[in-house]
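A.B. asks: Here it is, the structure in full.
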Amino acid sequence: MQSLILTTATRLLVALLLVFSIYALLRGHNLPGGGFIGGLIGATGFILYVIATSVSDARSALRVDPTNIAMLGVGIAALSGIMGAFAGDPFLTGQWLFLFAAEGEKGLPLSSVLVFDVGVYLAVFGGILTLVFAMEEEI
Amino acid sequence: MTFLDYAVLLGFALVILGVALASIRLIKGPTLADRIVALDMMTVQLVAFAGLSALQSRNAAFLDVAVVLALVGFLATVCLARYLERRNAINREDRE
């Protein structure tokens with residue numbers, strides 16, 4: 001579809017959607033948000049790009065095949081689950097590392113929960129885009 | 001109750017009235033374009049509703065709902081418009 005209004009708006013909105021998807025992913029730790037909704041918002045950005053331009057343009061903008069992104073996401077999520085094995089906990093138990101932790105201060109908390117969320121994000125992002133690209137190419 | 005609470009309540013009433021009127025257009029709408037515009041209007045009103053909810057509950061999480069709804073609502077309207085354009089093109093080919 002050729003539309004000057006749509007292509008101009010898309011340039012702004014795609015960047016906005018992708019930034020907001022990362023924001024939703026990182027904030028999901030303590031507040032509403034998380035990997036799933038973040039991945040959906042990110043995929044929405046690329047769907048908008050597909051509509052404004054074409055599937056081949058969107059594929060070259062993404063650089064990586066969305067199927068590979070989805071599989072990478074599932075792999076990262078599984079790896080974050082295995083992390084618990086080193087502490088002797090069951091599969092998918094959250095592991096915490098408090099960097100620079102002092103007396104009465106938590107320092108910089110790092111967790112395997114965030115790694116799992118990043119995996120979910122990539123799996124949803126890649127899965128939805130695989131679906132949409134396939135549907136668009138069929139038409 | 002402060003003045004803000006009354007204003008938020010009035011806002012809720014007006015938004016609900018707007019959704020009701022838009023749904024009448026959605027049901028009656030003689031053409032598909034009317035229905036799409038009605039759906040878009042309902043999305044915008046839901047964004048306003050989420051903003052009012054954020055004010056009433058003093059919870060900023062509703063503002064994220066508003067942002068996502070506004071962005072996805074735009075996408076929905078674009079997709080429906082594209083469908084409409086494609087359908088018209090197919091009809092034109094059939095007639096020729």
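The values are calculated or read from the model by the stated rules, or taken from the named source; none is laboratory data. Because the structure is a prediction, the values reported are computed rather than measured. Note: ideal-geometry Cβ built from the backbone for every residue, glycine included; neighbour counts use all protein chains shown.
A.B. asks: Is there a residue in the range B:47-62 that is outside any helix (DSSP H, G or I) and among the polar types (S, T, N, Q)? Spell out how you get there, then give the answer.
C.D. replies: Taking the range B:47-62 as the starting set, the residues that turn out to be outside any helix (DSSP H, G or I) are B:58-60.
Next cut, among the polar types (S, T, N, Q) only: B:59.
Yes, the range B:47-62 contains at least one residue that is outside any helix (DSSP H, G or I) and among the polar types (S, T, N, Q).
A.B. asks: A follow-up question, please. Among the residues of the range B:11-27, is any surrounded by 14 or more Cβ atoms within 10 Å (Cβ to Cβ), within 11 Å of chain A (Cβ to nearest Cβ) and in a helix (DSSP H, G or I)?
C.D. replies: Within the range B:11-27 (the criterion being surrounded by 14 or more Cβ atoms within 10 Å (Cβ to Cβ), within 11 Å of chain A (Cβ to nearest Cβ) and in a helix (DSSP H, G or I)), the answer is no, since none of the residues qualifies.
A.B. asks: So which residues in the range A:64-94 are under 15 Å from A:Val118 (Cβ atoms) and assigned to a loop (DSSP other than H, G, I, E, B), if there are any at all?
C.D. replies: A:Leu92, A:Gly94
A.B. asks: Any idea which of A:Gly127, A:Gly42, A:Gly94 is under 29 Å from B:Asn59 (Cβ atoms) and crowded, with 17+ Cβ neighbours inside 10 Å? Break it down stepwise before answering.
C.D. replies: Values: A:Gly127 fails: under 29 Å from B:Asn59 (Cβ atoms); A:Gly94 fails: crowded, with 17+ Cβ neighbours inside 10 Å.
Result of the check over A:Gly127, A:Gly42, A:Gly94: A:Gly42.
A.B. asks: Please go through (1) in contact (Cβ under 8 Å) with a residue 24 or more places away in the chain; (2) in contact with a Ser or Thr (Cβ under 8 Å, 6 or more places away or on another chain) for A:Ile69 and return the number of the only condition it doesn't satisfy.
C.D. replies: That leaves (2) as the condition not met.
A.B. asks: From (1) surrounded by 17 or more Cβ atoms within 10 Å (Cβ to Cβ); (2) aromatic (Phe, Trp, Tyr); (3) within 14 Å of chain A (Cβ to nearest Cβ), pick out the condition that doesn't hold for B:Phe49.
C.D. replies: The one condition B:Phe49 does not meet is (3).
A.B. asks: Could you run through the range B:62-96 and say how many residues are acidic (Asp, Glu) and more than 11 Å from chain A (Cβ to nearest Cβ)?
C.D. replies: So in the range B:62-96, the residues acidic (Asp, Glu) come out as B:64, B:85, B:93-94, B:96.
Checking which are more than 11 Å from chain A (Cβ to nearest Cβ) leaves us with B:93-94, B:96.
Number satisfying all stated conditions: 3.
A.B. asks: For the subset of the range A:2-11 comprising residues that are part of a helix (DSSP H, G or I) and within 11 Å of another protein chain (Cβ to nearest Cβ), which member is nearest to A:Ala61 (Cα to Cα)? Spell out how you get there, then give the answer.
C.D. replies: As a first pass, look at the range A:2-11 and keep what is part of a helix (DSSP H, G or I): A:4-11.
Now narrow it down to the ones that are within 11 Å of another protein chain (Cβ to nearest Cβ): A:5-6, A:9-10.
Values: A:Ile5: 20, A:Leu6: 18, A:Ala9: 17, A:Thr10: 14 Å.
This residue is A:Thr10.
A.B. asks: Mind telling me which of the residues A:Ile69, A:Ile51, A:Ile47, A:Ile37 ends up being within 30 Å of A:Leu4 (Cα to Cα) and within 14 Å of the chain's Cα centre (by Cα)?
C.D. replies: Values: A:Ile69 fails: within 30 Å of A:Leu4 (Cα to Cα); A:Ile51 fails: within 14 Å of the chain's Cα centre (by Cα); A:Ile47 fails: within 14 Å of the chain's Cα centre (by Cα).
Unique residue meeting the criteria: A:Ile37.
A.B. asks: Something else now. Taking the range A:25-51 on its own, how many of its residues are modelled with pLDDT of 90 or more and either facing chain B (nearest Cβ under 8 Å) or outside any helix (DSSP H, G or I) (or both)?
C.D. replies: Total meeting the criteria: 5.
A.B. asks: Turning to a different aspect of this structure: Here is a list: A:Asp89, A:Asp57, A:Asp117. Which entry is acidic (Asp, Glu) and under 20 Å from A:Phe20 (Cα atoms)? Full working, then the answer.
C.D. replies: Working: A:Asp89 fails: under 20 Å from A:Phe20 (Cα atoms); A:Asp57 fails: under 20 Å from A:Phe20 (Cα atoms).
Step by step, each of A:Asp89, A:Asp57, A:Asp117 is checked, and only A:Asp117 is acidic (Asp, Glu) and under 20 Å from A:Phe20 (Cα atoms).
A.B. asks: Which residue pairs have Cβ atoms closer than 8 Å, lie 6 or more positions apart in sequence or on different chains, and pair a first residue in the range B:83-96 that is within 14 Å of B:Ala33 (Cβ to Cβ) with a second residue that is modelled with pLDDT of 80 or more and assigned to a helix (DSSP H, G or I)?
C.D. replies: Between residues of the range B:83-96 that are within 14 Å of B:Ala33 (Cβ to Cβ) and residues that are modelled with pLDDT of 80 or more and assigned to a helix (DSSP H, G or I), the close pairs are B:Leu84/B:Leu32; B:Leu84/B:Ala33; B:Leu84/B:Ile36.
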